[in-house]
Every structure is written in C-alpha cells, then in structure tokens.
1. Need one number: nm distance between label points at Gln110 and Ile81, each 7 Å from Cα along Cα→Cβ, rounded to one decimal.
2. Below 8 Å, C-alpha to C-alpha, sequence gap of six or more: please give me the relative contact order for the range 15-130 in percent.
3. For each of Val99, Val55, count neighbouring Cβ atoms within 10 Å of the residue's Cβ, then give the residues from fewest to most.
4. To the nearest Å, what is the center-to-center distance of the range 87-161 and the range 20-62, using C-alpha atoms only?
5. Determine, from the Cβ-Cβ distance of Phe119 and Asp24 and an R0 of 45 Å, the FRET efficiency 1/(1 + (r/R0)^6), rounded to the nearest 0.05.
6. Beyond a 18 Å Cα-Cα separation, which of these cross-linked pairs lie in this structure: Lys63/Lys108; Lys63/Lys85; Lys108/Lys151?
7. Show me the three semi-axes of the equivalent ellipsoid for the range 121-160, from the C-alpha gyration tensor (sqrt of 5 times each eigenvalue), largest first, rounded to whole Å.
8. Give me the number: length gained by fully extending Glu35 to Thr136, i.e. 0.36 nm times residue separation minus the C-alpha to C-alpha distance, one decimal in nm.
Amino acid sequence: MKADHILNPTVIDIEMQSLAQRQDYYLKLNRWIAEADIVVCEISYPSTLNIGHEVSLALGRGKPTIALYQKGREPGVLQGISNEKLISLEYSMTDLKNVLSYGIEESKHQIDARFTLLFPRNIVEYLDEISNTIGTSRSEHIRELLLKEMKKNKQMRKKKI
C-alpha cells in the first residue's frame, strides 16, 4: 500500500534512516505523485511538515489534491493556499466515505487531459523561439493563448446577452 510510509513507521524508525534511504523515499514520493491522477492527504492539525510538502509537490505538478482534516482540526497553513486544484474537506469518522466520494467527484473535473497536436515545422520553430524567450514550454504558451481566447469569448458572449 502506498500509505505504508505514513501509517507504519515510528519517529525512531524515521530518525534511524540513512541519507540514502531518505533520498530514496523522496524519489519514490515524487514518482507516486507524478503517476497519480488525484492526490489525497490527511492533514489534521497537528500534522507534519512532510504532509504539507507532499501537498505542495502535488499542486506544483498540477494534480488535483484532496486535503482531508478532522472536524475542528483544520491546519492554518492550508488556509493561505489559493489553488483551484486544492479541495480541503472536513470530515468525521461517520461521514468520511461520503466526504471522500464527494472530493473525488469534484477532483475528476480538474484532471488534466493529454491532447496531441501536429504543427508544421515553421510553427514549431516559432513556438521554440517564444518558449526560449519567455521561459515557458510550448504547451504552457499554447495553453495561455487558449485561456486568453476563452476569456475574451466569454466576455463577448456576456455583451450579446
């Protein structure tokens, strides 16, 4: 189970790990997050900095992230995070299943979809030039252009109504 690293070790177990073991864990953690469609974390206060770091890694990779916390134990640090892919949900043991189901359904709408486009060489060269100039990937640049166009069209539709 991928949660064994959180559920099973004691503080002493963690302190006894070598640098190589800690580095190996960090590589595994990054791989698990990269492979995940949705990341679910239990973040009830007091939680560890590790959980906050895992949430940050997941959001940094653009992963929908469900942060569950027990009633009355919401960690303050997450209240400062403004990210549409972070869903913080309060739960009790009696409603955990329903709360988690809700979070997963909400998160499904935020999973990025792969879409492959073929471009003529001159467009690819132009995108490479722009990417190098402004320091973003070709995909990021195309996404930004499409988002601007969507926003413009949304504003135009509002004017027509």
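Laboratory data are not the source of any read-out in this text; all were calculated from the coordinates shown. Fair warning: this is a prediction, and the values are worked out from it, not measured in the lab. Cβ: placed from backbone, ideal geometry, glycine included. Neighbour counts: every protein chain shown.
1. 0.9 nm
2. 22 percent
3. The order, fewest Cβ neighbours first, is Val99, Val55.
4. Comparing the Cα centres of the range 87-161 and the range 20-62, I get a distance of 22 Å.
5. 0.65
6. Over 18 Å apart, Cα to Cα: Lys108/Lys151.
7. 27, 10, 6
8. Working it through step by step, the gained length comes to 34.1 nm.
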